[in-house]
């Protein structure tokens, strides 16, 4: 009797390939940044009980105000540079004003005066929703 030799089917092991795909996926998830908005200052915003979300519009200017610093559209600036920055804004632009809860009222009034002098009246005061 002649013996028949059985050949094993050659199959490629996919385990290392799947491991590499998952490692790459985890690498890209960990190294990517998820930015909601471009913000330059870390502010403690006042809390409100109700608030509406804002939509991102093309003609939009975000002003961040803390006791020491001012930032416009995510770039640190100074109070002296703010009037020239506001002069370039369109009259129908939406102004998002993010003010730290500890800012002195006089500093906020100065920014509001600059907005009024440049006829920028479409102002949003940004707050955090109070989650009780």
Notebook entry, point to check: For region 88-106, what are the residues that are within 24 Å of the chain's Cα centre (by Cα) and outside any loop (DSSP other than H, G, I, E, B)?
Noted result: 94, 95, 96, 97, 98, 99
Margin query: Taking the criterion of being within 21 Å of residue 112 (Cβ to Cβ), modelled with pLDDT under 80 and part of a loop (DSSP other than H, G, I, E, B), would at least one residue in region 62-83 satisfy it?
Written below: no
Item checked: Failed item in (1) surrounded by 10 or more Cβ atoms within 10 Å (Cβ to Cβ); (2) farther than 22 Å from residue 122 by Cα; (3) at pLDDT below 85, with residue 8 passing the rest -> (1)
Item checked: Extreme residue, surrounded by the most Cβ atoms within 10 Å (Cβ to Cβ), among residues of region 11-33 that are within 23 Å of the chain's Cα centre (by Cα) and part of a loop (DSSP other than H, G, I, E, B) -> 32
Notebook entry, point to check: Inside region 86-102, can you point out the residues that are surrounded by 12 or more Cβ atoms within 10 Å (Cβ to Cβ) and either under 14 Å from residue 113 (Cα atoms) or free of Cβ contacts under 8 Å to residues at least 12 places away in the same chain (or both)?
Noted result: 86, 95, 97
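The values are calculated or read from the model by the stated rules, or taken from the named source; none is laboratory data. On a predicted model such as this, the values are computed, not experimentally measured, just so you know. Neighbour counts are summed over all protein chains in view; Cβ atoms, including those assigned to glycine, are modelled from backbone coordinates with ideal geometry.
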